[in-house]
Amino acid sequence: MELRSQTSKNLIIFDADWTTKEAVIEGLADALDREGILTSKQEFLKTVFEREEVSPTGMEKGLAIPHGKSTAVKEAAFAVARLKKPVEDWESIDPDNKAELIFLLAIPEAEGGSTHLKILSELSTRLMDEAYYERLFQADSSEAFLHALDYSGGQEKEGSEPVPTGKKVVAITACAAGIAHTYMAAEALEKAGREQGVQVKVEKQGANGIEDGLTKKDIEEADAVLFATDISPRGKERFNGLPYVQSRVAEPLRKGPEMITRALENPDGTVSAEGEESTGGDSGEKTSLLKEMGQGVLTGISYMIPVIVSAGLMIGIAKLGAMPFGLVNEINDPEFATHENPLFVLLHHLDMFGFLIFQFMYPVFAAFLAFAIANRPGIVSGFIGGAFASGMHFQYWGVEGAVESGFLGALFLGLAAGYIAKFLNEKIKLHKNLQAMKPMLIIPAISVLSIFLLNFYFVDPVFGALNQAITDLIEAAQGSGVLLLSSIIAAATAFDLGGPVNKAAGAIAIGLAADQIFPLTPRVLAIVIPPIGLGLATLLDRYIVGRRVFDANLYVAGNTSLLLGFIAISEGAIPFMLRNPLITIPINVLGAILGACTAVFLGAVQWYPLPAVWGWPLVESFWAYFTGLAVGALFIAFANIFIRYGLMIRQEKKAKAS
């Protein structure tokens, strides 16, 4: 396609003196707006900045390609800026990248599925050509830049083609967003192959689906396969028996030739029938156990978040619908299931439906955690483990008063299910005529039975004992002082966000309040402080430290967590706890203690079990209550931002050093 047809002289800006990413994007959006490309600059900017939160748009060698698709865009176009001074902190796939050549793409919503991918892939591919890239930097006028945009690229000089080696390598590239990085990595590998005389064919698994798909013949003729992916590649089992190298999607941009050499001479291992590692050289870069577990947790979280969001929306709609009638807390009473008012019946069942969806939060998480470790053989046992963690078995066994294991149980049983299924898949060898029995009968039977026994003899007893220990601790602290008792109740409530420790604290706190011994102030505050604090962290981080410190999934979870916090559903913060428990749990506990003790010390009193926003008018000394809430939530927000930012800086320094 002709790239110059998508821009104009007025959309090319030389020697711009913008010094931040935000200023560059806003300046280029101004240019698009002046040219009549946009109907609403603010709406378009909102879309672009939302896209910036998903994954880096900075590339390497000074390049950045921010983009947005919006109903505020009349026709597809892009603006370009070449800066006087590079923006050094533009989030990029190359940590050392300093953005000085920026393309801002504006795509109409109606064309979002094809046009912006076509432009992005075309740009990404052409910019991998050094000669093309240099011409863009050397252009001294808008006309010269437009001409350079459709420059055909540097041609190899006659006789400079390397001697073909006869070797063939196939590859898959895929990134989280499935856009620019996917195409640039593919072009880098193909270019490296040409330079080495190796035939390289790349399948791009992008936002438009699979492009340039590898045929059976391609794979049969290949000597090795490269997986340059940030997400699990589709159809990995096609490469059974091939030597492989696994890397991040950005790796080919820096080390394309080295990766091809490694795949042919010193691969990480060979691909098994299920797409798992079966063998590996001593120097291969196998995934460490901790890294594999971390990737599994991330996969589980990414599939769990839509469950939390949908459950929260159902409950929120029901509560909002009941609010004008003063039935926010009462709408879940069974009497409304058969009420004469059909609206109340609908709202009641919608509220119950939301809580039903929450029951599947842990099964979905554990199933996909196990899937990430063991592939399909792990899904069933992982789902069963998550069901145990949700306490579904207690309902069917008629056990009353039992406490489910919650997120800790889901984490433990999901990991156990994954590694049990993986072990069985690797160790059980059957005749080829009986192979179908392994994934359909043998692995599910053994792995599900193993999860049942683990839960029955270990998980449930451990969490039952933990529940009793917390109960004993709180009861023993009743006569030890107001602030100490408040601290213990708040800490236990915030510890596992609806899990066994939380429930033990709730049972004791409600009992004390019912007997007019001690109010529920620390309990109700500790329910809402963690989800509100973590939600605020995802909104404030780029203003506090100048960059995003959470991954894309957690930004989605953050919005949900903030909303659910105000209606007293702490489960919205669980994805943060699963992603970084060693960071999140201590901060949640400290924030809850700090907020609860502040409110109690200032004189706030709440006797009713109404932590949601509609219960706040019933608080005695509301200003003290709100002060405690603000102190606790802001502590959690700032602590998360600064600790995660510090860890990011440390990791970046290590990456540069290596």
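The values are calculated or read from the model by the stated rules, or taken from the named source; none is laboratory data. Since the model is a prediction, treat every value here as computed from it, not as a measurement. Cβ placement follows ideal geometry from the backbone for every residue including glycine, while neighbour counts extend to all protein chains displayed.
Some values worked out for this structure:
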read-out: Matching residues, segment 478-513, being in a loop (DSSP other than H, G, I, E, B) and either over 36 Å from the mean Cα position of the chain (by Cα) or among the small types (Gly, Ala, Ser) (or both); value: 478, 479, 480, 481, 498, 499
read-out: Segment 499-540: number of residues that are buried (at least 24 other Cβ atoms within 10 Å of the Cβ) and of a type in the set (Asp, Glu); value: 0
read-out: Residue, nearest to residue 491 (Cα to Cα), within segment 572-603, restricted to residues that are crowded, with 22+ Cβ neighbours inside 10 Å and of a type in the set (Gly, Ala, Ser); value: 592
read-out: One residue from 475, 400, 426 being of a type in the set (Asp, Glu), assigned to a loop (DSSP other than H, G, I, E, B) and on the phi < 0 side of the Ramachandran plot; value: 400
read-out: Filter pass, residue 99 being in the same structural domain as residue 60 (by TED's automatic domain parsing), of a type in the set (A, V, I, L, M) and modelled with pLDDT of 90 or more; value: yes
read-out: Failed item, numbered, when residue 5 is tested on (1) without any contact (Cβ under 8 Å) to a residue 24 or more places away in the chain; (2) under 30 Å from the mean Cα position of the chain (by Cα); (3) exposed (fewer than 15 other Cβ atoms within 10 Å of the Cβ); value: (2)
read-out: Cβ-Cβ under 9 Å pairs, at least 6 apart or on other chains, segment 337-350 side under 16 Å from residue 317 (Cβ atoms), far side in a helix (DSSP H, G or I) and among the basic types (Lys, Arg); value: 347/319
read-out: Pair list, Cβ under 9 Å, 6 or more apart: segment 17-35 residue free of Cβ contacts under 8 Å to residues at least 40 places away in the same chain and farther than 16 Å from residue 68 by Cβ, other residue among the polar types (S, T, N, Q) and surrounded by fewer than 16 Cβ atoms within 10 Å (Cβ to Cβ); value: 34/10
read-out: Residue pairs meeting the criteria (Cβ under 8 Å; at least 6 apart or on separate chains; first touching a residue at least 40 places away in the same chain (Cβ under 8 Å) and small (Gly, Ala, Ser), in segment 37-55; second surrounded by fewer than 16 Cβ atoms within 10 Å (Cβ to Cβ) and part of a helix (DSSP H, G or I)); value: 55/552
read-out: Candidate set: segment 440-453, residues that are buried (at least 17 other Cβ atoms within 10 Å of the Cβ) and more than 29 Å from the chain's Cα centre (by Cα); chosen: the one farthest from residue 387 (Cα to Cα); value: 443
read-out: Residues satisfying the stated conditions in segment 243-256, i.e. modelled with pLDDT of 90 or more and farther than 16 Å from residue 203 by Cα; value: 243
read-out: Evaluation of residue 22 against (1) in a loop (DSSP other than H, G, I, E, B); (2) among the charged types (D, E, K, R); (3) modelled with pLDDT of 80 or more (one fails), failing number; value: (1)
read-out: Residues that are crowded, with 24+ Cβ neighbours inside 10 Å and of a type outside the set (A, V, I, L, M), drawn from segment 623-639; value: 625, 628, 632
read-out: Residue that is modelled with the lowest pLDDT [pool: residues in segment 67-96 that are under 23 Å from residue 649 (Cβ atoms) and touching a strand residue (DSSP E or B) at 6+ places or on another chain (Cβ under 6 Å)]; value: 92
read-out: Matching residues in segment 514-527 - criterion: being in a helix (DSSP H, G or I) and among the hydrophobic types (A, V, I, L, M, F, W, C); value: 514, 524, 525, 526, 527
read-out: Residue 470 vs. criteria within 28 Å of the chain's Cα centre (by Cα), closer than 30 Å to residue 644 by Cβ and in a helix (DSSP H, G or I); value: no
read-out: Residue in segment 278-303 that is modelled with the highest pLDDT, counting only those that are of a type in the set (Ser, Thr, Tyr) and in a loop (DSSP other than H, G, I, E, B); value: 288
